[in-house]
1. Which of the residues belonging to segment 129-154 are under 11 Å from the mean Cα position of the chain (by Cα) and not in a loop (DSSP other than H, G, I, E, B)?
2. Return yes or no: is residue 19 more than 25 Å from residue 211 (Cβ to Cβ), surrounded by fewer than 18 Cβ atoms within 10 Å (Cβ to Cβ), in contact (Cβ under 8 Å) with a residue 12 or more places away in the chain and in contact with a strand residue (DSSP E or B) (Cβ under 9 Å, 6 or more places away or on another chain)?
3. Please go through (1) within 17 Å of the chain's Cα centre (by Cα); (2) free of Cβ contacts under 8 Å to residues at least 60 places away in the same chain for residue 92 and return the number of the only condition it doesn't satisfy.
4. Testing residue 20 on (1) part of a strand (DSSP E or B); (2) under 22 Å from residue 142 (Cα atoms), one condition comes back false. Which one is that?
5. Kindly indicate whether any position in segment 30-40 is under 25 Å from residue 88 (Cα atoms) and surrounded by 14 or more Cβ atoms within 10 Å (Cβ to Cβ).
6. Select from segment 198-236 the residues that are outside any loop (DSSP other than H, G, I, E, B) and over 26 Å from residue 58 (Cβ atoms) and list them in ascending order.
7. Check segment 41-54 and report whether any residue there is surrounded by 15 or more Cβ atoms within 10 Å (Cβ to Cβ), at pLDDT below 95 and on the phi > 0 side of the Ramachandran plot.
8. Being closer than 17 Å to residue 131 by Cβ and buried (at least 17 other Cβ atoms within 10 Å of the Cβ), is that true of even one residue in segment 199-213?
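The values are calculated or read from the model by the stated rules, or taken from the named source; none is laboratory data. Predicted model only: the values in this text are computed from it and were never measured. Here the Cβ positions follow ideal geometry from the backbone for every residue, glycine too, while neighbour counts run over all protein chains shown.
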């Protein structure tokens with residue numbers, strides 16, 4: 001599992017309004033103060049807008065952002081069981097290229113200035129970078145070797161070496177979900193391409209932001225540092 005429960009380091013999920021734009025359903029969390037012009041789009045993993053992402057959106061709102069949590073899964077039905085297998089079965093019903101077209105249109109029409117994506121959402125962030133979408137981009141533990149889909153985007157490893165749009169990528173060197181060899185290939189590419197601001201955390205695996213609550217000092221500090229990097233990247 002990538003993310004589910006709220007970390008203690010994040011506030012309880014705050015209030016939000018439901019809205020629709022560019023074919024997308026959105027949970028909109030107002031910033032504090034509420035007149036902020038900064039808008040960040042949050043793209044979840046395959047489990048959707050659960051408590052983890054609601055609390056993350058609330059956290060960004062407390063930092064002065066209008067936080068738009070994108071709900072890609074409501075129309076596909078609730079998960080009968082919270083398992084990786086069930087979540088992937090539902091995820092495969094998405095059409096990745098169409099989703100990224102909608103995200104790109106939403107960014108333009110809603111004047112989004114930053115995007116943070118996790119896991120599947122991290123792959124969408126890489127695709128937005130490939131498309132040279134002019135926003136600040138942060139991808140937490142994407143899958144550089146791609147994810148199968150009937151309307152799939154290009155595999156990131158095929159284009160990252162030529163990427164021109166800057167993107168911040170946060171990964172763990174022990175990510176067995178994306179594959180350690182794949183993460184090593186990503187690191188090699190990033191060394192030669194300054195557009196990829198790669199932060200690779202030793203001993204951390206997939207979903208490591210949840211380790212903000214870890215009793216292991218290394219894992220907790222990795223998660224804490226990644227959050228600092230994320231905030232700096234979206235606000236640059």
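1. Quick first cut of segment 129-154, residues under 11 Å from the mean Cα position of the chain (by Cα) only: 137-142.
Passing the criteria: 137, 138, 139, 140.
2. Working: more than 25 Å from residue 211 (Cβ to Cβ): yes; surrounded by fewer than 18 Cβ atoms within 10 Å (Cβ to Cβ): yes; in contact (Cβ under 8 Å) with a residue 12 or more places away in the chain: no; in contact with a strand residue (DSSP E or B) (Cβ under 9 Å, 6 or more places away or on another chain): yes.
Criteria not met by residue 19.
3. (1)
4. Result: residue 20 fails condition (2) only.
5. First, pick out the residues of segment 30-40 that are under 25 Å from residue 88 (Cα atoms): none.
Checked segment 30-40: no residue is under 25 Å from residue 88 (Cα atoms) and surrounded by 14 or more Cβ atoms within 10 Å (Cβ to Cβ).
6. Narrowing segment 198-236 to residues outside any loop (DSSP other than H, G, I, E, B): 198-201, 208-213, 217-234.
Residues satisfying the conditions are 198, 200, 217, 218.
7. There is at least one residue in segment 41-54 that is surrounded by 15 or more Cβ atoms within 10 Å (Cβ to Cβ), at pLDDT below 95 and on the phi > 0 side of the Ramachandran plot.
8. Initial filter on segment 199-213 (closer than 17 Å to residue 131 by Cβ): none.
Scanning segment 199-213, I find no residue that is closer than 17 Å to residue 131 by Cβ and buried (at least 17 other Cβ atoms within 10 Å of the Cβ), so the answer is no.
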